[in-house]
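Note sheet for the following structure.
The values are calculated or read from the model by the stated rules, or taken from the named source; none is laboratory data. Note that the coordinates shown come from a computational prediction; the quantities given were computed from them, not determined experimentally. Cβ coordinates were reconstructed from backbone atoms using ideal geometry, including for glycine residues, and neighbour counts include every protein chain displayed. SASA here: full protein model, heavy atoms, side chains in, ligands and nucleic acids out. Shrake-Rupley method; radii C 1.70, N 1.55, O 1.52, S 1.80 Å.
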Amino acid sequence: MGEYALANIYQFRETDPKTAELLGLIGEIMNVRKRGERPLAYVHTYGCQQNVSDSEKIKGMLFTAGFDFTDDESEADFILFNTCAVREHAEDRVFGNVGALKNIKRRHPSVIIALCGCMMEQKSVSDRIYKSYPFVNLVFGTHSVSRFPQLLYDVLVNSKRIIDNDVEDNTIYENLPTLRDKNFKGFIPIMYGCDNFCSYCIVPYVRGRERSRESKAVIDEARSMIEAGYKEITLLGQNVNSYGKGLNEDITFAGLLREIDKIEGDYILRFMTSHPKDCTHELIDTIANSKHISKHLHLPFQSGSSRILKEMNRRYTREKYLDIIAYAKEKIDGLSLTSDVIVGFPGETYEDFLETLSLVKEVEYTSLYTFIYSRRPGTPAAKLPDVVTSEEKSKWFTELLKTQEKIAAERCASMVGSVERVLVEEVNEKNGLLSGRTSGNIIVEAPGDIELIGTFRDVKITEARNWILRGEFI
Ligand code: SAH
Ligand code: SF4
Ligand code: F3S
């Protein structure tokens, strides 16, 4: 891992002296503990790309302090779970997996166990961890990523438990090292937090207020990745369309995309997530006229019923959503659409659900992320009466899945015979085929040499297997 990691460590601005000093001290302490061997860290990330991006920063700091990484918890000297709070199921999994660490701690008492991420921003969670999981050494929230070296240092030196999750720090730290898993595709966060307060959603409470990075920082980071040979860049934010609000410069998200698109090179530019309420014609025109932006729009609609959308505080109607989709389809050749949808929001009736179903049929998404509503304490929707049984909601959910599977299969089948440009990403361990994605983010598999990984290749599509395409490299 050491050498590979070195090739991918990325530093946008030099680490500030205080952080660098702390990382050096952590390295010295671990070096003594490990008698000169490199200490090992196990980092597991739950949830969305925002968390993946935070983990890349934390791994960058660990690597700078001298750590290597392992996939085997039992040999790690430091274990970190970066957690997600978006649905109850996600939280249950984390509690289960944290519970299982007890045995590792018993066998290997010097291991440091840390938990961070969105779940840890909730006091009820940190209280429960403090009381019931005494083997956890460190808990920190999403606002404390830049403070991680100080926190780990304090744990190592003082051997006491630390909970650091009530920080209200909205500073954007540009000087943290980043360690990406791959050296040809990577994320760039362009903004943090969310101000939308959709009534079902916990994210604004655990990620804090919306704040954007300066455009120069983003553009410089993109340029340096492209110069380093990156072939795919994904710009990240909970609501990228409102990028730029609150900055001392006059820039929109579409403007930012146009600036990055000007950078010379062979790469594809992606972004997520767009919110329909501020998805402008300017943005769609920008995609249509760009050289590098993928012909893909991930535009979560959440519900096809305007009544439910209002209850969700989404601030658009079914009609407004469909207008944007119609404009995008008209302007962007070969557009691929994907979306998120929630089934069983409190008060949703079968009639409302049928509107969701009809919207899905009308838009014809290439893929859909489907969720059953999960009650999040502290959100406005958690107070609404929720009378539909979970059996009933599951039935609706299955109906939705079946409908979408059919649409995705038909869409994929219609691509047989075409030639697609694919960024080859990995080997599918199950069938030995190389796997990559089209501009529209559809998975394509083909037999080939692993040397192709990290390059763009043309693939002749020969077969559609539901929502996955098979083909041959030309
Ligand atoms: N900011 C992004 C999505 C963040 S969360 C956006 O607005 O599109 C990812 C998805 O999880 C959401 O789009 C939504 O479909 C789903 N989700 C969020 N809260 C949920 C909840 N309480 N129950 C079920 N699904 C939820
Ligand atoms: Fe949650 Fe809505 Fe913000 Fe997305 S836009 S993170 S769904 S509150
Ligand atoms: Fe989960 Fe936090 Fe993302 S709650 S979905 S990891 S912003």
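Couple of notes before you dig in:
- Mean projection area, nm², convex hull over Cα of the stretch 206-259: 4.2
- In a reduced charge model with +1 at each Lys and Arg Cβ and -1 at each Asp and Glu Cβ, the chain shows a dipole moment near 940 debye about its Cα centre.
- Take residue 384: with every protein chain present and a 1.4 Å probe, its accessible area is about 60 Å².
- Cα pair count fraction exceeding 19 Å, expressed as % - the stretch 204-363: 58
- Two-decimal Rg to Rh for the stretch 76-123 - Kirkwood Rh, Cα set: 1.01
- Amide H to amide H distances under 5 Å link residue 372 with 343, where only residues 5 or more positions off or on other chains count and H is placed in the peptide plane.
- Alpha-carbon centroids, the stretch 264-325 and the stretch 384-438: separation in whole Å: 20
- Its residues counted as N, the stretch 76-157 yields a C-alpha radius of gyration over 2.2 N^0.38 Å of 1.04.
- Couplings 3J(HN,Hα) for the stretch 23-38, derived from phi with the Karplus relation 6.51 cos²θ - 1.76 cosθ + 1.60 (θ = phi - 60°), are 4, x, 5, 4, x, 5, 4, 5, 4, 5, 4, 9, 6, x, 7, 5 Hz, where x marks Gly and Pro.
- Summed side-chain charge close to residue 325 - residues other than residue 325 whose Cβ falls under 12 Å, Lys, Arg +1, Asp, Glu -1: -1
- Peptides ranked, highest mean first, by Cβ atoms within 10 Å: ranges 100-107, 297-304: 297-304, 100-107
- Charge-dipole axis of the stretch 12-124 as Lys and Arg at +1 and Asp and Glu at -1 on Cβ define it, positive-most pick from 84, 99, 24: 99
- For the chain, the calculated P(r), taken from all Cα-Cα distances in 20 Å bins from zero up to the bin holding the longest distance, is 22, 55, 22, 0 percent.
- Estimated dipole of the stretch 22-117 in Debye, rounded to 20 [Cβ of Lys and Arg +1, of Asp and Glu -1, Cα centre]: 320
- Over 23 Å apart at the Cα level, from the set 216/245; 245/277; 329/395, are 329/395.
- Greater than 23 Å apart at Cα, pairs in 102/131; 262/331; 123/393; 331/361; 185/320: 123/393; 185/320
- Euclidean distance of C-alpha centroids, the stretch 93-134 and the stretch 43-63, integer Å: 17
- Our coupling estimate for the stretch 258-264, obtained by passing each phi through the Karplus curve with A = 6.51, B = -1.76, C = 1.60 and θ = phi - 60°, is 5, 5, 5, 4, 6, 5, 5 Hz, Gly and Pro reported as x.
- Distant alpha-carbon pairs in the stretch 364-451 (separation over 17 angstrom), percent: 66
- Considering only the Cα atoms of the stretch 235-327, their convex hull presents on average a projected area of 6.4 nm².
- The stretch 9-59 - Debye-derived log10 I(q)/I(0), Cα point model, q = 0.17, 0.32 Å⁻¹: -0.73, -1.11
- Cα-derived Rg to Rh of the stretch 1-149, Kirkwood definition: 0.95
- Per-residue HN-Hα couplings for the stretch 413-418 [Karplus 6.51, -1.76, 1.60; θ = phi - 60°; Hz; x = Gly/Pro]: 4, 5, 8, 4, x, 7
- Whole-number D in µm² s⁻¹ for the stretch 114-213, Kirkwood Cα-pair radius fed into Stokes-Einstein, 25 °C, 0.890 mPa s: 163
- With all protein chains kept in place, the per residue accessible area of the chain amounts to 44 square angstrom at a probe of 1.4 angstrom.
- If the Kirkwood radius is taken over C-alpha pairs of the stretch 323-471, then at 37 °C and 0.692 mPa s the Stokes-Einstein diffusion coefficient equals 188 µm²/s.
- For the stretch 279-354, the average shadow cast by the Cα convex hull is 5.2 nm², which is a quarter of the hull's surface.
- 12 Å beta-carbon shell around residue 195, net charge (K/R +1, D/E -1): +4
- Mean residue ellipticity at 222 nm, helices only, the chain: -11500 deg cm²/dmol; runs of at least 4 DSSP H residues each add -39,500 (n - 2.57), and the sum is divided by the number of residues.
- Distance violations [Cα-Cα > 26 Å] among 57/291; 383/406; 59/105: 57/291; 383/406
- Rounded percent of accessible protein surface that carbon and sulfur make up, the chain, 1.4 Å probe: 49
- Residue-level accessible surface for residue 45, protein heavy atoms, 1.4 Å, Å²: 50
- D_trans [Stokes-Einstein, Kirkwood Rh over alpha-carbon pairs] for the stretch 52-102, 20 °C, 1.002 mPa s, µm² s⁻¹: 171
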